Amino acid sequence: MIPTITAFERSPDGGKGLARDTRVRWALEEAGQPYRVRPVSFAAMKEPAHMALHPFGQIPTYEEGDLVLFESGAIIFHIASRHAGLLPEEPNARARVITWMFAALNTVEPPILDLSTARIMEADKPWAEERLPLVADRVRHRLSQLSARLGDAEWLDGAFSAADLTMVSVLLRTRPSGILNEFPNLAAYVARGEARPAYQRAFAAQWAFNTGQPQAG
Ligand SMILES: N[C@@H](CCC(=O)N[C@@H](CS)C(=O)NCC(=O)O)C(=O)O
């Protein structure tokens, strides 16, 4: 059965691939699973039909027959559980990959989101100038810990897995701030993720979807 995911009708990032449908597309591409995409406008996201799929009125969602999922991490985990290649078979290695997925979404992504909010939504507030460096430093602190753990390893735990797909997707969101480049091993790690053919296909698909144009080059 071909699953359907939802994505912004037009992503606010204009196709930079930072909306969370990109990570789901990436997982589907890694799995070799064809999929359909249903665009949702900001208004439609808050209407009952979409709220029935997603209790918080957001994207992405995932529909496969009777199954409806929301939360990008849960969707990636579902895809990884049903296709070879993204989750190790060995129970302890599998548990470690799942741990890293939680770490990406629960420990690394929150300060990064906070920084995006501070830079975009709160930029006009009188206290923005004072707060922004504090928020940026919280991202630096988290990335320095991740950088120390990754060291010169290629991926977080053995071979490329759903852990890396999730972590790279999260780290990509720091790119507009320039902070990622302060950590050369993390910048190289993200570049390895982006170089994967499945990521390239996912990025090109979301680009075409958001811009109506094929990707240049
Ligand atoms: N924790 C959720 C977050 C979902 C989320 O924030 N989606 C954003 C797009 S990336 C969205 O729909 N924003 C519009 C809104 O919240 O109204 C996930 O990982 O799926």
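Structure notes:
- The residue list Ile79, Ile75, Ile59 contains one member that is away from the ligand (no atom under 13 Å from the Cβ), among the β-branched types (Val, Ile, Thr) and under 19 Å from Ala104 (Cα atoms), which is Ile79.
- Only listed residue being within 13 Å of the ligand (Cβ to nearest atom), of a type outside the set (Val, Ile, Thr) and over 15 Å from Thr166 (Cα atoms), chosen from Ala84, Ala43, Ala93, Ala104: Ala43
- Any hit, the stretch 124-144, residues being under 29 Å from Ala93 (Cβ atoms) and aromatic (Phe, Trp, Tyr): no
- Some residue of the stretch 196-209 being modelled with pLDDT under 95 and among the charged types (D, E, K, R): no
- Taken over the stretch 147-178, the criterion of being part of a helix (DSSP H, G or I), surrounded by 13 or more Cβ atoms within 10 Å (Cβ to Cβ) and over 17 Å from the mean Cα position of the chain (by Cα) is satisfied by Ser147, Leu150.
- Note on the stretch 27-115: enclosed helices (runs of 4 or more DSSP H) holding 3 or more residues that are in the same structural domain as Val170 (by TED's automatic domain parsing) and open to solvent by 70 Å² or more (accessible area, probe 1.4 Å) are 91-103.
The values are calculated or read from the model by the stated rules, or taken from the named source; none is laboratory data. As the structure is a prediction and not an experimental result, all values here were calculated from the model. A quick note on method: Cβ atoms are made from the backbone with ideal geometry, for glycine too, and the neighbour counts reach across all protein chains shown. Surface accessibility is based on the protein's heavy atoms, side chains included, excluding ligands, DNA and RNA. Shrake-Rupley method; radii C 1.70, N 1.55, O 1.52, S 1.80 Å.
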